[in-house]
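Asker: After the C-alpha cells below, expect a handful of questions from me.
Readers should treat all values here as calculations from the given coordinates under stated rules, not as data from a laboratory. Fair warning: this is a prediction, and the values are worked out from it, not measured in the lab. Here the Cβ positions follow ideal geometry from the backbone for every residue, glycine too, while neighbour counts run over all protein chains shown.
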Amino acid sequence: MLPQEARNLTDRVLKNVEKVIVSKRETITLVLAAVLASGHILVEDVPGVGKTMLCRSLARSFDCDFQRIQFTPDLLPSDILGLSVFNLKTQQFEFKSGPIFTNFLLADEINRATPKTQSALLEAMGERQVTIDGVTYPLEEPFVVMATQNPIEYEGTFPLPEAQLDRFLIKLRIGYPEEPYEQEMLKRLKGTHPISSLGAVANKEELLEAQKCAREVFVDETIYQYIVSLVTATRKDESVYLGASPRGSIALLHLSQALAIMQGRTYVVPDDVKMGAPYALPHRILLKTEARLRGETSESLITKILNTVPLNIRA
C-alpha cells in the first residue's frame, strides 16, 4: 500500500466514524492513529460520551470482528481468555476460546475488575498471544484493545498498575460535545441509531497493509533524538517519581509515524511528535506527592517539557 492510499483509507474511515461520533475529529484521528500504530487505547471519561460507539464504529468501518467485555469484580480471567473443557465423547480436553479472540476488543470499565483479571490482558496486549494450560494461542490480526474507565466514580474499583498502563499506546478523553453539535447529535438519533446502518469502508487486509505502511515512514536522526530528549526529560524532572519507560519512546515513535501517514507524508516532522506526546506519555508518569499537592499533573508536565526541550536540527 502506498502512503497516499493509506491516507485515503484513513480519510474514508474518519468520515464514516463521524456519522456516529459528532464533532470529535481530533479524538477520532488520535484513536485511528493508535490503531495504525498497532497500539491499544485507554479512554478515561464519564459515562455516555460515546466510548463504546467509537470502538464499534471503528470495527464496523474496517469490517472487523468486535467483542465487548463488561469488567466487574467477579469477572474471571477465563471469562476473557477462554478455558479447556473436557469432552466426554472424545475423552479429551478442548479449548473454548474467549472473547479476547477478536479484532477489536472493548474492555468496558476495566478498573472494576480485580488485579488478577486485569493481568490476564497483559500478555495479550504485549505479545498478541495468550497462554492457557501451558499452550500458547496466537491472537487474530489486527488486534486492538480499547479500554474505558470512569474518572469520577472510584468506589469498588482497582486502579490499573503501571505495568498495565504502560501497555496502552495512548490515553485520552472524549469530552462533552459543544451545544450546536449536541443538537446535531439529537437530530441524528431521533430515529434509528446511526451505528445500526453503518457500513464498512475498508477491510482487515487493508488495515494490516496500512499498519505496515505506517511502520515504513521515514524518521530522521533529528526526530529520534527529539523523542529521546522528551522522554529523558520526564525522568529527570524534580517533580517526577517515575518517568516514562522505553516503551513510551517506542509508542511515541510509532504514533508519530501513524500521524504522518494520515497526512499523506512519508516522513515524520516535529509537529507529529508534539501532537502525539500529550497522549502517549502522561499515563506512563508518576509524580511525587508534593508535586500533586501543588496541583501539578502529568499532562501539565508534558506541556512544560514540550515548551522547554529544544529540537536540535543538524547543520
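Asker: Tell me the label-point distance for the pair GLN263, PHE218, using the 7 Å Cα-to-Cβ offset, in nm and rounded to one decimal.
Answerer: 1.5
Asker: Exposure proxy check: SER197, SER61, SER38 ranked by fewest other beta carbons within 10 Å? Before the final figure, lay out the partial values.
Answerer: Working: SER197 10, SER61 25, SER38 20.
Ascending Cβ contact count within 10 Å gives the list SER197, SER38, SER61.
Asker: Still on this structure, I have one more. Just how far, in whole angstrom, is segment 184-217 from segment 224-283 if you go by their alpha carbon centroids?
Answerer: 26
Asker: Could you give the size of the charge dipole of segment 217-308 about its Cα centre, using +1 on the Cβ of each K and R and -1 on the Cβ of each D and E, expressed in debye and rounded to the nearest 20? Can you show the working numbers first?
Answerer: Details: 10 positive and 9 negative charges, 50 e Å.
Charge dipole, segment 217-308, about its Cα centre: 240 debye, nearest 20.
Asker: With runs of 4+ DSSP H residues as the only contributors, calculate the mean residue ellipticity of the chain at 222 nm using -39,500 (n - 2.57) per run, divided by the residue total and rounded to the nearest 500. Don't skip to the answer; put the middle values down first.
Answerer: Numbers: 14 runs with 139 residues, N = 315.
Value at 222 nm, helices only: -13000 deg cm²/dmol.
Asker: Something else now. Based on the alpha-carbon gyration tensor of segment 166-240 and its eigenvalue square roots a ≥ b ≥ c, which shape applies: rounded if a/c is under 1.5, prolate if not and a/b is larger than b/c, or oblate? Write down the numbers at each step before the final one.
Answerer: On the way: a/c = 3.46, a/b = 1.58, b/c = 2.19.
Oblate, since a/c reaches 1.5 and b/c is not below a/b.
Asker: Report the net charge of residues surrounding LEU165, where surrounding means a beta-carbon distance below 10 angstrom and charges are Lys +1, Arg +1, Asp -1, Glu -1. Intermediate results must be reported in sequence, preceding the final value.
Answerer: Details: positive: ARG167, LYS171, ARG284; negative: GLU162, ASP166.
Surrounding charge for LEU165 is +1.
Asker: Quick one: length gained pulling ARG173 to GLU140 fully straight, 0.36 nm per residue minus the C-alpha distance?
Answerer: 9.2 nm
Asker: Out of (i) 90, 75, 30; (ii) 73, 43, 40; (iii) 94, 58, 33, which label holds the value of Cα extents along the principal axes in Å that was computed here?
Answerer: Of the listed options (i) 90, 75, 30; (ii) 73, 43, 40; (iii) 94, 58, 33, (ii) comes from this structure.
Asker: Net charge within 13 Å of GLY248 by Cβ-Cβ distance, Lys/Arg positive one each and Asp/Glu negative one each, not counting GLY248 itself? All intermediate terms of the calculation are to be shown ahead of the outcome.
Answerer: Numbers: positive: ARG167, LYS171, ARG235, ARG247, ARG284; negative: GLU162, ASP166.
After counting each charged neighbour, the total is +3.
Asker: Let me ask something else about it. Among LYS51/LYS274; LYS212/LYS274; LYS51/LYS89; LYS15/LYS304; LYS15/LYS190; LYS15/LYS116, which pairs are too far apart, with a Cα-Cα distance over 32 Å? Could the numbers behind the result be given before it?
Answerer: Values: LYS51/LYS274 25 Å; LYS212/LYS274 23 Å; LYS51/LYS89 44 Å; LYS15/LYS304 34 Å; LYS15/LYS190 21 Å; LYS15/LYS116 39 Å.
Where the Cα-Cα span goes over 32 Å, the pairs concerned are LYS51/LYS89; LYS15/LYS304; LYS15/LYS116.
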